[in-house]
Amino acid sequence: MTRRRISAMGWIALLLLLALSRAGALSNPVYADPTASGVDEETRRLLEKSLSAVEIDREIERISGLREATQDEMAKTEKRLAEQEIAIAAQRERAGRVLRSYYMGQKDAMWSALLNSKSMKELLRTWEMMDLVVRSDRETMDRYDKEYKSIKKGYDTLSRNRTELARVESDLRAQRERVIALRKELDEALTASGEAEKLKRLMDEMEAYWRNVGLYEVKQHFNSLAKAMDKLPEWIQEHPDTLKTSGLKTTLTITDGQLNEFLRSQDERLKQFAISFGTDVLKVEGSNGDIQVGIEGHYTVENEPQNAIVFHIDKLVFNGLELPDTTRADLEREFDLGFYPQQLIKYIKADSVSLEPGRLVVRLRIGK
């Protein structure tokens, strides 16, 4: 009985040890936050470069996928154009015969028969026959015109695809050269450090943490911000004091305190963040204990494809490490943090936007 009890206690102790070891493995590692783990500045810069290399590799993968998609689309377009070329050749021949018959006087016999009709019945019969011929000619020309426009549109698409492919190829080369140079810098720094193995392990762990946790969490926060910003026009309508009208012009003014209150009311996740307006800069800072994110950016007024106040990310910091421009561009593509004035009032457009200490000022005017 005693032996069984001791044995049971031993199994319980073993299970507890396993549970504790697993919990330790899943907990936030000390290297996840270089700013709080006693990491020196030189090591922090190495981790930043390592993370940038990971993100540029991810951009290379995205561009490679875009290149393949563009090449596939070009192949499909070329095949479709070859098929259309065969179809339009027949239409071109028919259209040519119609035009020749008109310009070479081959329809004169019909007009002569119409003018020389001896009775109303003969006149109507000739007229019906001429109407059928003219209608058939018109349908032939319309079909040719339709085929011609279709094939021209196809060639225009192919031309755009070729231009896009050239741009993609150029971007791909530039990013590959960039990541090669960055990895060379990292290798040289590791060799010079005298602690290459230790630093390499730290970099690998940081990269794994970013891939498995960091990127997902950053995207989740951006997704929350994007969804909240989509509801901003409704909030403005409920707070008419933010709008001041003078003649045909309206000024929208939102303080950073108001924006914070609005965002925090939209999503529990956004309660961890604070937005502040400065001169020509918007700052977002937040932390959930394991992850710290810092964003700096600015707004511009864009008119294509529609009038909008677009947010641009100038700086993105994850746990003390600044991420490269490729990550910022990727987040801008995926998440829309802009504001669309015509969702607020139809036929109103943004003229200008400015960031001042403590407030965002948008000047609006009436216009389609």
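The values are calculated or read from the model by the stated rules, or taken from the named source; none is laboratory data. Not measured: the values here are computed from a predicted model. Ideal geometry is used to build each Cβ from the backbone, glycine not excepted, and the neighbour counts take in all protein chains shown. Note: areas computed on protein heavy atoms with side chains; ligands, DNA, RNA excluded. Shrake-Rupley method; radii C 1.70, N 1.55, O 1.52, S 1.80 Å.
Table for the structure above
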{"item": "Residue in region 71-87 that is open to solvent by less than 70 Å² (accessible area, probe 1.4 Å), of a type in the set (S, T, N, Q), at pLDDT 85 or above and closer than 30 Å to ARG178 by Cα present", "result": "no"}
{"item": "Boolean, ASP314 is touching a residue at least 12 places away in the same chain (Cβ under 8 Å) and either within 30 Å of MET206 (Cβ to Cβ) or open to solvent by 40 Å² or more (accessible area, probe 1.4 Å) (or both)", "result": "yes"}
{"item": "Residue check for LEU355: at pLDDT below 95, open to solvent by less than 70 Å² (accessible area, probe 1.4 Å) and among the hydrophobic types (A, V, I, L, M, F, W, C)", "result": "no"}
{"item": "Residue match in region 317-326 (condition: part of a strand (DSSP E or B), more than 30 Å from ARG178 (Cβ to Cβ) and open to solvent by 40 Å² or more (accessible area, probe 1.4 Å))", "result": "no"}
{"item": "Hey, ARG211 open to solvent by 20 Å² or more (accessible area, probe 1.4 Å), among the charged types (D, E, K, R) and either touching an Asp or Glu at 6+ places or on another chain (Cβ under 7 Å) or not assigned by the TED database to the domain that holds PRO357 (or both) or not", "result": "yes"}
{"item": "Counted residues, region 258-271 - those being touching a residue at least 40 places away in the same chain (Cβ under 8 Å) and either touching a strand residue (DSSP E or B) at 6+ places or on another chain (Cβ under 9 Å) or of a type in the set (D, E, K, R) (or both)", "result": "4"}
{"item": "Among the residues listed as GLN306, GLN272, the single one being open to solvent by 70 Å² or more (accessible area, probe 1.4 Å), of a type outside the set (Lys, Arg), in the same structural domain as ASP330 (by the TED database) and in contact with a Gly (Cβ under 6 Å, 6 or more places away or on another chain)", "result": "GLN272"}
{"item": "Members of region 327-362 that are part of a loop (DSSP other than H, G, I, E, B), among the charged types (D, E, K, R) and in contact (Cβ under 8 Å) with a residue 24 or more places away in the chain", "result": "ASP336"}
{"item": "Helices (runs of 4 or more DSSP H) lying entirely in region 192-309 (those with 1 or more residues that are touching a Ser or Thr at 6+ places or on another chain (Cβ under 8 Å))", "result": "196-209, 232-238, 256-266"}
